[in-house]
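Before any comments, here is the structure.
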Amino acid sequence: MNHSLELLLAKPFVQTIASHVYESKNVSVSVLRLDAMHDAISGNKWFKLKEHLAAAQQQNKKIVLTFGGAFSNHLLATAAACRLAGFASIGIVRGEKPKLFSHTLHDVLQHGMQLYFIAREDYKNKIIPQEVLEKHRAEAIYIVPEGGYSALGCAGSMGILKSCDTASFTHIIAAVGTGTMLAGLLRSKAKQQQVVGISVLKNNFSIEAAIEKLAQEKPLVLHDYHFGGYAKHKPGLLQFMNAFYESTGIATDFVYTGKTFYAAHALMEQGFFPPQSRILLVHSGGLQGNRSLPQGALGY
Ligand SMILES: *Cc1c(COP(=O)(O)O)cnc(C)c1O
């Protein structure tokens, strides 16, 4: 299953981008295009899911259940991957059932995921509604933790740097939500490589410990580039994303990769990267989330 599903995904690739700023700083910048793998199973989500789906299959589970918000890339990726892999899927969604479904929830339903909406307090405690347990045999259900945060999610993320030839890069910059991907990057990087995480949540200072738990190594996470908090944005961020698209042809999302690439450029301006640095920006996907922005906010 796992192997054959992987065959349906496009291969990620490394794209080198040019700018006079990079030249003047004497650094090179490339983007690891995980976003190109699949529309719905986007970016890092396949890597975080693959070991879970393999485990679900090994344990002969029929249903995969996971958690997410109404705009969640993880929920959509899980729904799409489960459909392709032949699992039924259940999504536990944070908050009241909305009158108007987000684009994401529409897509999730299209992929056949059954949705259950639960109160925010219950969501915090990851309570599975009684209804679900009455309808399905508990033994048939495999639970993927929210955002894939787990040892298996980390193990899958170790495949990210191996998916392309990344050995010559000196710095790897990636977004941090649950930190699962960053833990996988830390565990799989070459010795001389420095991994820098950009937190997309505001003041999420427990994230270092959460990453260290999976990576067995203290991460470097920067907390200055959240633009007001998770899924918040400011004009400067959208301006950057538009300019980056114009100069490179690469679209970024406003929740994760836009903030991360912005941070990388700010760090460059601050002289964070020594001359001759070879910087790899991880494009972890998430473009579907841009559909929640007002029309015309982005030029792509
Ligand atoms: C989910 C997601 C992340 C965050 O990954 P974590 O492993 O939770 O830190 C980063 N980028 C994109 C585009 C995502 O969808």
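When 279, 250, 198, 207 are screened for being in contact (Cβ under 8 Å) with a residue 40 or more places away in the chain, under 26 Å from residue 150 (Cα atoms) and touching a strand residue (DSSP E or B) at 6+ places or on another chain (Cβ under 7 Å), only 198 passes.
The residues listed here are 285, 197, 271; of these, the one that is in contact with a helix residue (DSSP H, G or I) (Cβ under 9 Å, 6 or more places away or on another chain), on the phi > 0 side of the Ramachandran plot and surrounded by 17 or more Cβ atoms within 10 Å (Cβ to Cβ) is 285. Taking every residue in the stretch 284-300 that is modelled with pLDDT of 95 or more and pairing it with any residue that is hydroxyl-bearing (Ser, Thr, Tyr) and surrounded by fewer than 19 Cβ atoms within 10 Å (Cβ to Cβ), at least 6 positions away or on another chain, the pairs with Cβ-Cβ distances below 6 Å are 300/245. Residues in the stretch 244-263 that are over 17 Å from the mean Cα position of the chain (by Cα), assigned to a helix (DSSP H, G or I) and small (Gly, Ala, Ser): 247 only.
Give 261, 273 a once-over and let me know the one that is at pLDDT 95 or above, closer than 16 Å to residue 172 by Cβ and away from the ligand (no atom under 16 Å from the Cβ). Steps first, answer last, please.
Numbers: 261 fails: away from the ligand (no atom under 16 Å from the Cβ).
Exactly one of 261, 273 is at pLDDT 95 or above, closer than 16 Å to residue 172 by Cβ and away from the ligand (no atom under 16 Å from the Cβ), namely 273.
Scanning the stretch 155-167 for residues that are within 12 Å of the ligand (Cβ to nearest atom) and either of a type in the set (Asp, Glu) or assigned to a helix (DSSP H, G or I) (or both) gives 156, 157.
Just the residues that are crowded, with 18+ Cβ neighbours inside 10 Å and among the charged types (D, E, K, R), please, taken from the stretch 128-167. Matches in the stretch 128-167: 146 only.
Residues in the stretch 168-189 that are part of a loop (DSSP other than H, G, I, E, B) and under 24 Å from residue 265 (Cβ atoms) were compared, and the one that is nearest to the ligand (Cβ to nearest atom) is 177.
Whether any residue in the stretch 231-243 is within 12 Å of the ligand (Cβ to nearest atom), under 26 Å from residue 194 (Cβ atoms) and either touching a Pro at 6+ places or on another chain (Cβ under 9 Å) or in a loop (DSSP other than H, G, I, E, B) (or both) is what I want to check. Break it down into steps so the answer makes sense when it comes.
Step one: filter the stretch 231-243 for residues within 12 Å of the ligand (Cβ to nearest atom), giving 231.
Now restrict to residues that are under 26 Å from residue 194 (Cβ atoms): none.
Checked against the condition, which is being within 12 Å of the ligand (Cβ to nearest atom), under 26 Å from residue 194 (Cβ atoms) and either touching a Pro at 6+ places or on another chain (Cβ under 9 Å) or in a loop (DSSP other than H, G, I, E, B) (or both), the stretch 231-243 yields no hits at all.
The values are calculated or read from the model by the stated rules, or taken from the named source; none is laboratory data. Every value quoted in this text rests on a predicted model; they were computed, and no experiment measured them. Here Cβ is always computed from backbone atoms with ideal geometry, including for glycine, and neighbour counts include all displayed protein chains.
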